[in-house]
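Contents: one structure, followed by commentary.
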Amino acid sequence: MRADDHMAASSDREACEAVRDRLLGAWELVSYVATGGDGRIVHPLGPRPHGLIVYTPQGYMSAQLGRGDRPPAQSERLEEATPDELAQAAVTYVAYGGPFHVVDPTTVEHHVTTSLFPNWAGKPQARKVSFEADLLKLSLAAPTRLWGADRTAELTWRRPR
């Protein structure tokens, strides 16, 4: 390996470590916006979503996101909720977790091992990562079929206050 190549690889590793260090800890969801190719913006979890994403020093992450206006079930007990209540709760919530890896200084990959939506388990979820002041922005790397159209999506997070 040439000296220039070695320096570039070392610099890239350091940049990845810096991103990883900034990710560590808890973040609260500020917004979740999806934009279609026509410029139309939708809010998949409503205008005031709730959520938490946590990155641990051990290399794991967990994300929990839901609509801010989710109606409660009639019963306080999960096993007593009706099938319709459970379906409504699931369609207004996203939950997954597993190991994470900073691929490059602008990309983090979540290796899903557990998910509310079982089809995500075993599949990586790549996200573009950026920081703006005290905000973390995670977005899809490329437009993806979401809610009937090809869209990009961006989730904005901030540290808990």
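The values are calculated or read from the model by the stated rules, or taken from the named source; none is laboratory data. Everything numeric here is computed off the predicted structure, so don't read it as measured data. Reconstructed Cβ throughout: ideal geometry from the backbone, glycine too, with neighbour counts over all protein chains shown. Please note that ligands, DNA and RNA were not included when accessible areas were found on the heavy atoms of the full protein model with its side chains. Shrake-Rupley method; radii C 1.70, N 1.55, O 1.52, S 1.80 Å.
Hey, can you tell me all the residues within region 110-123 that are open to solvent by 50 Å² or more (accessible area, probe 1.4 Å) and under 27 Å from PRO160 (Cβ atoms)?
At the first step, the residues of region 110-123 found to be open to solvent by 50 Å² or more (accessible area, probe 1.4 Å) are 111, 113-114, 116-120, 122-123.
Correct list: HIS111, THR113, THR114, LEU116, PHE117, TRP120.
Per-residue answers, yes or no, for (1) in a strand (DSSP E or B); (2) farther than 25 Å from ARG158 by Cα; (3) within 19 Å of the chain's Cα centre (by Cα); (4) touching a residue at least 24 places away in the same chain (Cβ under 8 Å):
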site: VAL30; (1), (2), (3), (4): yes, no, yes, yes
site: ILE53; (1), (2), (3), (4): yes, no, yes, yes
site: MET61; (1), (2), (3), (4): yes, no, yes, yes
site: GLY68; (1), (2), (3), (4): no, no, yes, no
site: SER75; (1), (2), (3), (4): no, yes, no, no
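When you scan region 101-108, do you find a residue that is under 23 Å from GLY46 (Cβ atoms), outside any helix (DSSP H, G or I) and without any contact (Cβ under 8 Å) to a residue 40 or more places away in the chain, even just one?
Taking region 101-108 first, the residues under 23 Å from GLY46 (Cβ atoms) are none.
No, region 101-108 contains no residue that is under 23 Å from GLY46 (Cβ atoms), outside any helix (DSSP H, G or I) and without any contact (Cβ under 8 Å) to a residue 40 or more places away in the chain.
When you go through (1) among the aromatic types (Phe, Trp, Tyr); (2) open to solvent by 60 Å² or more (accessible area, probe 1.4 Å); (3) closer than 26 Å to ASP21 by Cβ one by one for TYR93, which number turns out not to apply?
Here TYR93 meets the rest and fails (3).
Restricting to region 52-65, give me the number of residues that are under 16 Å from TRP120 (Cβ atoms) and open to solvent by less than 70 Å² (accessible area, probe 1.4 Å). Please lay out each step first, then the result.
At the first step, the residues of region 52-65 found to be under 16 Å from TRP120 (Cβ atoms) are 53, 60-65.
Subsequent filtering for residues that are open to solvent by less than 70 Å² (accessible area, probe 1.4 Å) retains 53, 61-65.
The number of residues fulfilling the criteria is 6.
Please specify each residue of region 71-90 satisfying the condition of being surrounded by 11 or more Cβ atoms within 10 Å (Cβ to Cβ), among the aliphatic types (A, V, I, L, M) and farther than 19 Å from LEU29 by Cβ. Step through it out loud before you land on a result.
Let us first name the residues in region 71-90 that are surrounded by 11 or more Cβ atoms within 10 Å (Cβ to Cβ), namely 73, 75, 81-82, 85-90.
Next, only the ones that are among the aliphatic types (A, V, I, L, M) stay: 73, 81, 86-87, 89-90.
Passing the criteria: ALA73, ALA81, LEU86, ALA87.
When you check ASP150 against the structure, is it exposed (fewer than 15 other Cβ atoms within 10 Å of the Cβ) and either closer than 18 Å to LEU24 by Cβ or touching a strand residue (DSSP E or B) at 6+ places or on another chain (Cβ under 8 Å) (or both), yes or no?
Working: exposed (fewer than 15 other Cβ atoms within 10 Å of the Cβ): yes; either closer than 18 Å to LEU24 by Cβ or touching a strand residue (DSSP E or B) at 6+ places or on another chain (Cβ under 8 Å) (or both): yes.
Here the answer is yes, as ASP150 does meet what is asked.
Please state which of the following conditions GLY37 fails to meet, knowing it meets all the rest: (1) surrounded by fewer than 16 Cβ atoms within 10 Å (Cβ to Cβ); (2) touching a Lys or Arg at 6+ places or on another chain (Cβ under 6 Å); (3) touching a residue at least 24 places away in the same chain (Cβ under 8 Å); (4) more than 20 Å from GLN125 (Cβ to Cβ).
Only one criterion in (1) surrounded by fewer than 16 Cβ atoms within 10 Å (Cβ to Cβ); (2) touching a Lys or Arg at 6+ places or on another chain (Cβ under 6 Å); (3) touching a residue at least 24 places away in the same chain (Cβ under 8 Å); (4) more than 20 Å from GLN125 (Cβ to Cβ) is unmet by GLY37, namely (2).
Condition first: loosely packed, with under 15 Cβ neighbours inside 10 Å, at pLDDT 90 or above and basic (Lys, Arg). Now tell me which residues in region 1-34 satisfy that.
ARG13, ARG22
For region 124-147, which residues satisfy the criterion of being assigned to a strand (DSSP E or B), open to solvent by 40 Å² or more (accessible area, probe 1.4 Å) and either in contact with a Lys or Arg (Cβ under 9 Å, 6 or more places away or on another chain) or aromatic (Phe, Trp, Tyr) (or both)?
Scanning region 124-147 gives LYS128, SER130, PHE131, LEU135, THR144, ARG145.
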